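**Student:** First the structure, then my questions, so here it is.
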Amino acid sequence: MASKKLITVLGATGAQGGSVVKALLLDSSYAVRAVTRDVSKPAAVKLKEAGAEVVAADMNDEKSLKSAFSGAYGAFVVTNFFDHFSKEKEFEQGKRIADICKLQGLKHVVFSGLENVHKLTGGKLKVLHFDGKGEVEEYFRQIKVPMTSTRLAFYFENYLTSCRPKKCPDGKTYQLVLPMGAVPMDGISVADLGPIVHSILQNSSEYIGKNIGLSADKLTVQQYAEIFSEVTGKTIVDSKITPEAYEKLGFPGADEMANMFRFYHMRPDRNVELTHKLNPDLKTFKQFMVSKKDTFKDL
């Protein structure tokens, strides 16, 4: 029997990496090396119990990364801007990883990338948590690492946390506070990423060198609100907030998020049809909401 292909998965206890580990473990032709900073935390222990090799590494530590990528056929790479809120640091980490992938001759890297918005808009918009990833994408290409970039749409999971419907002053209705107007916004459940990465690795020759915009659904805020209302039984509406009003909401990163929504107004390339092809079990927004219905019992 041919030996298993070893795939190194960074951020293995996070939402993206965890989904990828889970999907790859279902395929006996792969061995999975799950990388995390703390191998003793419960999520890491669970991965080991599920059959992954769990190793410790830090994106700021070259030696530990070299060890994590040693002997790997391929990798799933995700960086986390929100760990440090520095575009420069995110690029530095991504560059370090790309250099190691090149040095160790990995055959296929799937990188969780995004557009370099600053460059695309000629400096008009800065979206730091996109821009650093965009620069890392460019660097992977520049040094000729065989890489596919997966560019995720807005997470459906955001509706469970930071973008939960807010109660209106009347105390009866709720609103979705998303500054998109009538422009459709792509969305996806991050939990559905794993099978997509698995499909990409299975079809390397087709996807190496591509940037793949991932989306499960392309809906207006009004349409998201209607599905919310249908599933929860509450009246939920579009707040119709503008990006200008949104950036003045005062929470940390409000201006950054407003610029992200301004970029979404430009309708970045997200391919619903291809995403469903890569993961036939991909959940639409309505299916996601039905699966999370209990989360909104307290609305």
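**Student:** What percent does the relative contact order of the stretch 169-299 come to when contacts are Cα pairs within less than 8 Å and at least six residues apart? Spell out each step's value before the answer.
**Tutor:** Details: 171 pairs, mean separation 51.4, N = 131.
The value is 39 percent.
**Student:** Could you tell me the relative contact order of the chain? Use alpha-carbon pairs under 8 Å, at least six residues apart, and round to a whole percent. Spell out each step's value before the answer.
**Tutor:** Working: 572 pairs, mean separation 47.9, N = 299.
Relative contact order comes out at 16 percent.
**Student:** Mean shadow of the stretch 134-291, computed from the convex hull of its alpha carbons, in nm²? All intermediate terms of the calculation are to be shown ahead of the outcome.
**Tutor:** On the way: hull surface 40.9 nm².
Result: 10.2 nm².
**Student:** Once you have the alpha carbon radius of gyration of the chain, what is it after dividing by 2.2 N^0.38 Å, with N set to its residue count? Don't jump to the answer; show the numbers that get you there.
**Tutor:** Working: Rg = 19.6 Å, N = 299, 2.2 N^0.38 = 19.2 Å.
For the chain, the normalised Cα radius of gyration comes out at 1.02.
**Student:** So which of K124/K297; K248/K283; K95/K283; K166/K286; K95/K126; K22/K119 end up more than 30 Å apart by C-alpha? Before the final figure, lay out the partial values.
**Tutor:** Numbers: K124/K297 42 Å; K248/K283 33 Å; K95/K283 33 Å; K166/K286 19 Å; K95/K126 20 Å; K22/K119 35 Å.
Pairs exceeding the cut-off: K124/K297; K248/K283; K95/K283; K22/K119.
**Student:** Let me ask another. By how many degrees, between 0 and 90 and to the nearest 10, does the Cα long axis of helix 87-103 differ from the longest principal axis of the chain?
**Tutor:** 30
**Student:** What does the helix-only formula give at 222 nm for the chain: each DSSP H stretch with n ≥ 4 adding -39500 (n - 2.57), the total divided by the residues, and the result rounded to the nearest 500 deg cm²/dmol? Could the numbers behind the result be given before it?
**Tutor:** On the way: 13 runs with 120 residues, N = 299.
Mean residue ellipticity at 222 nm (helix-derived): -11500 deg cm²/dmol.
**Student:** If I fit a long axis through the Cα atoms of helix 15-25 and take the longest principal axis of the Cα atoms of the chain, what angle between them do I get, 0 to 90°, rounded to 10?
**Tutor:** The angle comes out near 50 degrees.
**Student:** Got a number for carbon plus sulfur as a percent of the stretch 149-239's accessible area, 1.4 Å probe? Show your work: numbers first, answer last.
**Tutor:** Numbers: 1720 of 3410 Å².
Solvent-exposed carbon and sulfur of the stretch 149-239 make up 51 percent of the total.
**Student:** Quick one: angle between helix 221-232 and the longest Cα principal axis of the chain, in degrees between 0 and 90, rounded to 10, please.
**Tutor:** 90
**Student:** Quick one: if the Förster radius is 35 Å, what FRET efficiency do E88 and M266 give, using the C-beta to C-beta distance and rounding to 0.05? Mind showing how you got there, number by number?
**Tutor:** Values: r = 25 Å, r/R0 = 0.70.
About 0.90, to the nearest 0.05.
The values are calculated or read from the model by the stated rules, or taken from the named source; none is laboratory data. The structure displayed is predicted, hence computed values, not measured ones. Here Cβ is always computed from backbone atoms with ideal geometry, including for glycine, and neighbour counts include all displayed protein chains. Each accessible area value is taken on the protein alone, full model and side chains, heavy atoms only, with ligands, DNA and RNA left out. Shrake-Rupley method; radii C 1.70, N 1.55, O 1.52, S 1.80 Å.
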